[in-house]
1. What ranking of Met55, Met113, Met104 comes out by heavy-atom accessible area, probe 1.4 Å, highest first?
2. Just the number please: accessible area per residue for region 1-110, 1.4 Å probe, all protein chains included, in Å².
3. Show me the trypsin sites (Lys or Arg not before Pro) within region 76-110 that DSSP assigns to loop and that have at most 10 other Cβ atoms within 10 Å of their Cβ.
4. Round to a whole angstrom and tell me the spacing of the C-alpha centers of region 13-42 and region 72-91.
5. How large is ³J(HN,Hα) for each residue in region 68-78, as worked out from phi by the Karplus curve 6.51 cos²θ - 1.76 cosθ + 1.60 (θ = phi - 60°), to whole Hz, x for Gly and Pro?
6. Leaving out ligands, DNA and RNA, and with a 1.4 Å probe, what % of the accessible surface on region 1-135 is carbon or sulfur?
7. Longer than 20 Å from Cα to Cα, which of Lys23/Lys100; Lys4/Lys71; Lys4/Lys63 are they? Say none if no pair is.
8. At a threshold of 8 angstrom on Cα-Cα distance, excluding pairs fewer than six apart, so keeping six or more, what relative contact order does region 22-99 reach in percent?
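The values are calculated or read from the model by the stated rules, or taken from the named source; none is laboratory data. Since we're looking at a predicted model, the values are computed, not measured. Cβ sites come from the backbone with ideal geometry, for glycine too, and all protein chains shown count toward neighbours. Side chains included, ligands, DNA and RNA excluded: accessible areas come from the protein's heavy atoms. Shrake-Rupley method; radii C 1.70, N 1.55, O 1.52, S 1.80 Å.
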Amino acid sequence: MVFKRFVEIGRVAFISFGPHAGKLVAIVDVIDQNRALVDGPCSGVRRQAMPFKCMQLTDFVLKFPHSARQKCVRLAWEKENINEKWAATRWAKKIEAREKKAKMTDFDRYKVMKAKKMRNRIIKHEMKKLQKMSSKKGKKSEKAQKSEKAQKSEKAQKAPKAQK
């Protein structure tokens, strides 16, 4: 697999840990091999230096010059609809589902358990139906094959007698 997400000016990154964990930022400038100057105009992250260890690069790239002002970054962000695009990704949906699951109460977990039991019971019942139908068809086809073989053998036995 070829690496496609490079650290570049305008690359949108997800902050994985730290005080701004869970927010999106755009890389405005690269300070050195360990840190970048980032800005999150629409996510509430002020312009600051941030280590690459805290960031996970996304597929989104904005077009703006390096060391651009916040206004320029905000315009590019809104033009590309980054917040809507991010919300539509599987990554964001997985994070949202994880947070939703963590916020569940005991009663919510109980309801989920009962729903899973009911779903599994229905699936098991339908599988047994299908297995019974396939085994009946298999038996019928075996009987049909046996009767066809018996008819062929009878014809084969009658044919030599007719020739004599």
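1. Details: Met55 15, Met113 80, Met104 50 Å².
Correct descending sequence by accessible area is Met113, Met104, Met55.
2. Details: 7650 Å² over 110 residues.
Computed with neighbouring chains in place, this is 70 Å² per residue.
3. On the way: sites: Lys79, Lys85, Arg90, Lys93, Lys94, Arg98, Lys100, Lys101, Lys103, Arg109; in loops: Lys103.
Taking region 76-110 and a limit of 10 other Cβ atoms within 10 Å, the loop trypsin sites (Lys or Arg not before Pro) found are Lys103.
4. 15
5. So the Karplus estimates, Gly and Pro as x, are 5, 6, 4, 4, 5, 5, 4, 4, 5, 4, 6 Hz.
6. Working: 5780 of 10100 Å².
C and S fraction of accessible area: 57 percent.
7. Numbers: Lys23/Lys100 17 Å; Lys4/Lys71 28 Å; Lys4/Lys63 17 Å.
Where the Cα-Cα span goes over 20 Å, the pairs concerned are Lys4/Lys71.
8. On the way: 79 pairs, mean separation 16.6, N = 78.
Computed over region 22-99, the figure is 21 percent.
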